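The values are calculated or read from the model by the stated rules, or taken from the named source; none is laboratory data. In this text, all values refer to a predicted model and were calculated from it rather than measured experimentally. All Cβ positions, glycine included, derive from the backbone under ideal geometry; neighbour counts span all protein chains shown. Protein only, heavy atoms only, side chains kept; ligands, DNA and RNA dropped before computing areas. Shrake-Rupley method; radii C 1.70, N 1.55, O 1.52, S 1.80 Å.
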Amino acid sequence: MVTGTDAVILVGGLGTRLRPLTLSAPKPMLPTAGVPFLTHVISRLRAAGITHIVLGTSFQAEVFEEHFGDGSELGVELEYVVETEPLGTGGGIRNVADALRGDTVLVFNGDNLVGVDLVELVAEHKRRNADVTLCLTRVDDPRAFGCVPTDDEGRVTAFLEKDPNPVTDQINAGLYVFRREIIDTIPTGRPVSVERETFPDVLASGAYVYGHVREGYWRDFGTPADFVAGSADLVRGIAPSPAVAAPGESLVLDGAEVDPSARLSGGTTIGRGAIVGADAVVDGSVVFDGARIAAGAVVRRSIVGAGASIGEGTVVEDSVIGDRADLGARLELRSGARVWPDVTLADGAIRFSSDL
Ligand code: GTP
């Protein structure tokens, strides 16, 4: 168990990469394995004994409190601190300072799932007497990320922007431990990026910035491809979450109707009240509440928004279908197609991919 530690979860971003789904709900509230993504993060904190949690909100701030209330249903005490103008990741951390109680602060990006032992992470931060600890993860291709090299003792030596020839495969996993006083040094009243401004500043000041490199599960749920893959990992129990009671090959939520001849696979979730017709195939996808997949349709690695309809024999691959969109029969949408909410597509009309 962890004592004297607050948790801050940053949930104020616009989530532009997941549009159009994030037009109607903030990214951390999108359903994954039957609950808002944020529920998985909060449940992991609860399991580690960290029960005072502050949400740094901005975009659609009210939605969080409407759903989670005071947090008691999840066994935690939730506080909300709203930014009227988005302050960025560093500004968001600084903005919640008055709500903090302890001397140690765990900070999470509200769209990352990190399979680290939180009790051990905080213990290591304290053992080392570090000022800031960053959880680092190794990736096969670090060129798309900022890299964080460390020395033999685990001290961070630099924060490097995206580089075609990276010197390390270690990247920031979006989970930090701060000594409380460091948070008070972040400037107020303007947007600040924790990655690009705060961390380099803290390092330049001579503070002890420790990089906790770990091998376990890590995923950023910020793009459609990562969102469907991460949701599938949760359904199958590959991603760690106490909020997933019974992992399996697929998850069919209350009130959904799935024809016995339909095939669900790859960690697919079928939302509440959704309908899947005869011989339909739904693989590695997230079907939101009330959506309808007609007979013979094929949906792979895609997100189908709430109340959307997919017509008979239509193929949807690697695509995002907005809420209430109505796709006719025998269409093909592939490779990053995005259909905006409430759009209607006539039968057989589309055989390509783009924003619709
Ligand atoms: P994109 O627009 O798709 O990049 O998504 P995003 O807006 O969520 O940005 P990003 O993925 O870089 O944000 C990482 C985490 O920080 C997410 O959990 C965001 O909700 C959160 N975040 C980003 N900007 C802000 C902000 O200005 N204030 C607060 N409180 N949180 C933020």
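Helix 37-47 and the longest principal axis of the Cα set of the chain meet at an angle near 50°. Surface composition of region 5-224: carbon plus sulfur atoms contribute 47% of the solvent-accessible area (1.4 Å probe, protein chains only, all chains present). You can think of it this way: the chain between residue 66 and residue 245 has 62.0 nm of extra reach, that is 0.36 nm per residue less the Cα-Cα gap.
Among 157, 22, 51, the residue with the largest mean-square fluctuation in a Gaussian network model of the chain, with springs joining Cα atoms closer than 10 Å, is 157.
Subtracting the Cα-Cα distance of residue 225 and residue 261 from 0.36 nm times their residue separation leaves 10.3 nm of extension gain. A Stokes-Einstein calculation at 20 °C with viscosity 1.002 mPa s, built on the Kirkwood radius of the chain over Cα pairs, returns a diffusion coefficient of 101 µm²/s. Annotation for region 313-336 versus region 145-214: alpha-carbon center distance of 41 Å. Once the 1.4 Å probe is applied to the protein heavy atoms, region 5-224 comes out at 41 Å² accessible per residue.
Enter the angle in degrees (range 0 to 90, nearest 10) between the Cα long axis of helix 118-127 and the first principal axis of the Cα atoms of the chain, meaning the one along which they spread out most. Roughly 20 degrees, rounded to the nearest 10. Each Lys and Arg Cβ is given +1 and each Asp and Glu Cβ -1; about its Cα centre, region 5-224 then shows a dipole of about 280 debye.
Among the GluC sites (Glu not before Pro) in region 186-221, those placed in a DSSP loop whose Cβ has at most 10 other Cβ atoms within 10 Å are 215.
Would you mind checking the tilt of helix 224-236 against the longest principal axis of the Cα atoms of the chain, expressed as 0 to 90 degrees and rounded to 10? Around 90 degrees separate the two axes. Taken over region 160-301, the ratio of Cα radius of gyration to 2.2 N^0.38 Å equals 1.47. Among the GluC sites (Glu not before Pro) within region 131-187, those in coil by DSSP and having at most 15 neighbouring Cβ atoms inside 10 Å are 153, 161.
Using heavy atoms of the protein chains and a probe of 1.4 Å, the accessible area assigned to residue 145 is about 70 Å². With all protein chains kept in place, the per residue accessible area of region 249-345 amounts to 37 square angstrom at a probe of 1.4 angstrom. If the segment from residue 157 to residue 181 were pulled out straight at 0.36 nm per residue, it would be longer than the present Cα-Cα gap by 6.5 nm.
Each of the peptides 9-17, 28-36 was scored by the mean count of other Cβ atoms within 10 Å over its residues; in descending order, highest first, they stand as 28-36, 9-17. Restricting attention to the chain, close to 25% of DSSP beta bridges with both partner residues there are antiparallel. Distance between the 7 Å Cα→Cβ label points at residue 190 and residue 139: 2.9 nm.
Pop the C-beta distance of residue 295 and residue 215 into the FRET formula with R0 = 41 Å and round what comes out to the nearest 0.05. Write out the running numbers ahead of the final one.
Numbers: r = 44 Å, r/R0 = 1.08.
The computed FRET efficiency comes out at 0.40.
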